[in-house]
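Colleague: One structure follows; several queries about it will come next.
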Amino acid sequence: MNSKNKIYIAGHNGMVGSAIVRKLREKGLINTITRSSSELDLTNQQNVHNFLQEEKPDYVVIAAAKVGGIYANDSYPAEFIYQNLMIEANLIHSSYLAGVNKLLFLGSSCIYPKETQQPIKEDYLLSGHLESTNEPYAVAKIAGIKLCESYNRQYSTDYRSIMPTNLYGPNDNFHLENSHVIPAIIRKIHL
């Protein structure tokens, strides 16, 4: 990467996306492209396609997702699987069509089986049953990984997937019912 490269960060207002934007800018990579969800609906295929065709970024980082804790995942499974599938499918496919050769997809450690051996190895993916409370989210994230692998295999792209774990920090969701455990505990202590 150099300072002239255009880098689109999907999900730049979220905890991970905003951290990526801050780090890129600290490194002098200031040619970042961002759009809020009110400016660009990532679940709308045509809008995503048009945006990427117009902007023509060199790199795409997918940090956008519908996220939440156990309560939210268990209460809204259709929203979690649908929105996450649409976001990643639209961004990955439209990136390919726009000529983006380098893409980073952020997944989740929930993609691994509930009863997996520790420490977790990549080979454990799809080797057992997922945690039922967030299975729709996990299935969507697995689909994103497989999309990246498939585009690499068929089109020789460089689309990579990483699975950050146990994240919390600035711009996290601190809602008492819909957040992950650590931010909810921080909020409870604060209150």
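The values are calculated or read from the model by the stated rules, or taken from the named source; none is laboratory data. Since the structure is predicted, the reported quantities are computational estimates derived from the model, not experimental observations. Cβ sites come from the backbone with ideal geometry, for glycine too, and all protein chains shown count toward neighbours.
Colleague: Filter segment 84-93 for residues that are farther than 15 Å from residue 107 by Cβ and of a type in the set (S, T, N, Q) and give the result.
Modeller: 90
Colleague: Next up: Could you list all residues from segment 86-139 that are of a type in the set (A, V, I, L, M, F, W, C), in contact with a strand residue (DSSP E or B) (Cβ under 6 Å, 6 or more places away or on another chain) and surrounded by fewer than 19 Cβ atoms within 10 Å (Cβ to Cβ)?
Modeller: If the condition is that a residue be of a type in the set (A, V, I, L, M, F, W, C), in contact with a strand residue (DSSP E or B) (Cβ under 6 Å, 6 or more places away or on another chain) and surrounded by fewer than 19 Cβ atoms within 10 Å (Cβ to Cβ), then 104 is the only one that fits.
Colleague: Of (1) under 15 Å from the mean Cα position of the chain (by Cα); (2) farther than 18 Å from residue 144 by Cβ; (3) at pLDDT below 95; (4) not basic (Lys, Arg), residue 110 satisfies all except one. Which?
Modeller: Residue 110 satisfies all of (1) under 15 Å from the mean Cα position of the chain (by Cα); (2) farther than 18 Å from residue 144 by Cβ; (3) at pLDDT below 95; (4) not basic (Lys, Arg) except (2).
Colleague: Kindly indicate the residue of segment 144-180 that is within 12 Å of the chain's Cα centre (by Cα) and surrounded by fewer than 17 Cβ atoms within 10 Å (Cβ to Cβ) and also modelled with the highest pLDDT among those meeting that condition.
Modeller: Per the criteria, the residue is 160.
Colleague: Take segment 72-90 and flag every residue that is in contact with a helix residue (DSSP H, G or I) (Cβ under 6 Å, 6 or more places away or on another chain) and modelled with pLDDT of 95 or more.
Modeller: 77, 80, 81, 84, 85, 88, 90
Colleague: Going by what's in this entry, would residue 120 be described as closer than 24 Å to residue 185 by Cβ and either in contact with a Ser or Thr (Cβ under 8 Å, 6 or more places away or on another chain) or part of a helix (DSSP H, G or I) (or both)?
Modeller: The answer is yes for residue 120.
Colleague: List pairs: first residue in segment 128-145 and without any contact (Cβ under 8 Å) to a residue 40 or more places away in the chain, second residue in a helix (DSSP H, G or I) anywhere in the structure, Cβ distance under 6 angstrom, at least six positions apart or on different chains.
Modeller: Short answer, once both residue conditions are applied: 130/138; 138/110; 138/111; 142/111.
Residues checked against (1) more than 30 Å from residue 31 (Cβ to Cβ); (2) crowded, with 21+ Cβ neighbours inside 10 Å; (3) aromatic (Phe, Trp, Tyr):
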position	(1), (2), (3)
49	no, no, no
60	no, yes, no
68	yes, yes, no
71	yes, no, yes
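Colleague: If a residue has to be within 22 Å of residue 140 (Cβ to Cβ) and either assigned to a helix (DSSP H, G or I) or basic (Lys, Arg) (or both) to count, how many in segment 20-57 make the cut?
Modeller: 9
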